[in-house]
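J.: Below you'll find the structure I mean.
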Amino acid sequence: MRVLLLSNTTTLSLSSLPPPRTPKSPIPSNFRRNSINWAEIALVGALGGALSFGLLVSSPSSSIAIEFSSSSSSVQVQPSLQPPEFCSEDEGDETAELGSEPAVTSEGIVEEAWEIVNDSFLNTSRSRSFPETWQRKKEDIRSSSIKTRSKAHDTIKRMLASLGDPYTRFLSPEEFSKMARYDMSGIGINLREVPDDNGDVKLKVLGLVLDGPAHSAGVRQGDEVLAVNGLDVKGKSAFEVSSMMQGPNETFVTIKVKHGNCGPIQSIEVQRQLVARTPVSYRLEQIENGTRSVGYTRVKEFNALARKDLVTAMKRLQDMGASYFILDLRDNRGGLVQAGIEIAKLFLNEGETVIYTDGKDPEYQQSIVADTAPLVTAPVIVLVNNNTASASEIVASALHDNCRGVLVGERTFGKGLIQSVFELRDGSGVVVTVGKYVTPKHKDINGNGIEPDYRNFPAWNDVTQHLSRCNMLQRG
């Protein structure tokens, strides 16, 4: 079973099913690093509305090579090299033997979905009857005759609808396949952070876009990435290394990989085919009769290019003399949660909290903090409205609660839930709410939104004074 964080006729009893793989979070995301990584996951991107995900991840599978495709017949299986005697593949690695997967029954698919929800779902409603009512669903499954895949999918849809959570839902094999093709790197590759026995973290290929640039060049499922364009990636996150792989369309990037745990090391040149467009626009504006300059930046969504392009914009505006900044997040309904987190860090001092996450699973109970000095220290106005949602609310609350910016406009949307996407064994999937975001000042975003400091655009002197008072109160 793959998990996207971000990363579907005989009766099969629940006890006979292998336990569902739950996403490990790199930071909760999803983003500690691991679900859809939890890798802070590689979340996936906005799936419409205000739904955001973290990084993309997968759990060990029984297939030799798992492509981001719902059709197992399209998987390219290459003969493995005979490892030296002292080297052995890790138990449960990505490259288990082909043919070990048990037969998939329609009833088994329904039970698998039930187990995932039972283990991972965070009930955000005020109802306390969820455990009992969900257990009754288990008995209903066992007493029902589910002989066709169509009936299995309909049963899963009804089960999920009964939760009363608009974000927890079923994905057909076609819908799951489209989602799993999300590509952060521009070369058709998604990475996962995997701890080794020494406590170090390896960056491994968790999935490939079938016939994508990396796959065509020879990168394999389970490969360890060692370097990008000659730069060692040891100690870097999956998000950082994915960003290193990005570049102009049709240019080349060289990645050094180790095939499997015991295979040879190879440098592979891959031609980029990036389809993501920059979500960042910027301009310099003059104020106070031209004596001061304001750097205006707008981020339309948080995709794989957002952080890199915003850094470029901010540096150029600083070089042009900007002494204040405006970050426009109006109508930004989210996207990659991890991109939002990394953008928030650009404005915070090292050690300051970006966001807290809370979930049923301890893996989703995280405190995410800035780990470097800020890119800019000048006062910031963050423009928000009622369509500012999810990852945008993470950025807005981080700057607001750490006294780095004031919010101007309307109350934000209030979408502070975390979803992971789990693949079922027939290629379908379920999107499940697994956690929620809590601001640095411990306010629940979901259903509440964030109230702005000003409804109308304030004078910059007022902004400076507001942030000064905020910092004084913060220090006590």
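The values are calculated or read from the model by the stated rules, or taken from the named source; none is laboratory data. Remember, predicted model here, so these are calculated numbers, not experimental data. With ideal geometry, Cβ positions are generated from the backbone for all residues, glycine too; neighbour counts draw on all protein chains shown. Note: accessible area is taken over every heavy atom of the protein model, side chains too, but ligands, DNA and RNA are not part of it. Shrake-Rupley method; radii C 1.70, N 1.55, O 1.52, S 1.80 Å.
J.: What FRET efficiency comes out for the pair His442/Asp462, r = Cβ-Cβ distance, R0 = 45 Å, nearest 0.05?
T.: Plugging the Cβ-Cβ distance into 1/(1 + (r/R0)^6) gives 0.95.
J.: Okay, next question. Which pairs break 19 Å Cα to Cα here: Lys236/Lys308; Lys236/Lys436; Lys236/Lys443; Lys300/Lys415; Lys137/Lys157; Lys256/Lys315?
T.: Table pairs above 19 Å Cα-Cα are Lys236/Lys436; Lys236/Lys443; Lys256/Lys315.
J.: Taking the Cα centre of the stretch 173-268 as origin, work out the dipole magnitude from +1 charges on Lys and Arg Cβ and -1 charges on Asp and Glu Cβ, in debye rounded to 20.
T.: Here the stretch 173-268 has a charge dipole of around 140 debye.
J.: Heavy-atom accessible area per residue, the stretch 239-316, 1.4 Å probe: how many Å²?
T.: 51
J.: Using R₀ = 30 Å, calculate the FRET efficiency as 1/(1 + (r/R₀)^6) where r is the Cβ-Cβ separation of Asn123 and Ser144; round to 0.05.
T.: So the FRET efficiency works out to roughly 0.80.
J.: If I stretch the segment between Arg411 and Ala103 completely, what's the gain in nm (0.36 nm per residue apart, minus their alpha carbon distance), one decimal?
T.: That pair, Arg411 and Ala103, stretches by 105.8 nm at full extension.
J.: Sticking with this one: Given a 1.4 Å probe and heavy atoms of the protein chains only, how would you sort Thr278, Thr105, Thr291, largest accessible area at the top?
T.: My answer, sorted largest first, is Thr291, Thr278, Thr105.
J.: Separate question: With labels modelled as points extended 7 Å from the Cα through the Cβ direction, what inter-label distance (nm, one decimal) is found for Cys262 paired with Val369?
T.: 4.2
J.: At a 1.4 Å probe radius, carbon and sulfur cover how many percent of the accessible area of the stretch 427-473?
T.: 50
J.: Excluding ligands, DNA and RNA, what is the solvent-accessible area per residue of the stretch 367-430 at a probe of 1.4 Å, expressed in Å²?
T.: I get 21 Å² per residue for the stretch 367-430.
J.: Roughly speaking, to the nearest percent, how much of the stretch 226-274's 1.4 Å accessible area is carbon and sulfur?
T.: 47
J.: Whenever you get a sec, line up Asp319, Asp165, Asp119 from highest to lowest accessible area (probe 1.4 Å, protein heavy atoms).
T.: Asp319, Asp119, Asp165
J.: Using a 1.4 Å probe and ignoring any ligands, DNA or RNA, find the accessible area of Val369 and quote it in Å² to the nearest 10.
T.: Probe radius 1.4 Å; accessible area of Val369 about 60 Å².
J.: With a cut-off of 18 Å, note down the residues of the stretch 207-244 whose backbone N falls inside the zone around a label point 7 Å from the Cα of Thr278 toward its beta carbon.
T.: Inside the label zone: 243-244.
J.: Round to a whole number: what % of the accessible area of the stretch 279-407 belongs to carbon and sulfur, probe 1.4 Å?
T.: With neighbouring chains kept in place, the figure for the stretch 279-407 is 42 percent.
J.: Something else: For the peptides 376-386, 154-164, what is the packing order when you average, over each peptide's residues, the other Cβ atoms within 10 Å and list the highest mean first?
T.: Taking the mean over residues of other Cβ atoms within 10 Å, the ranking is 376-386, 154-164.
J.: In addition: Note the full-extension length gain between Phe252 and Thr312 as 0.36 nm times their separation in residues minus their Cα-Cα distance, in nm to one decimal.
T.: The Phe252-Thr312 span can extend by a further 19.5 nm.
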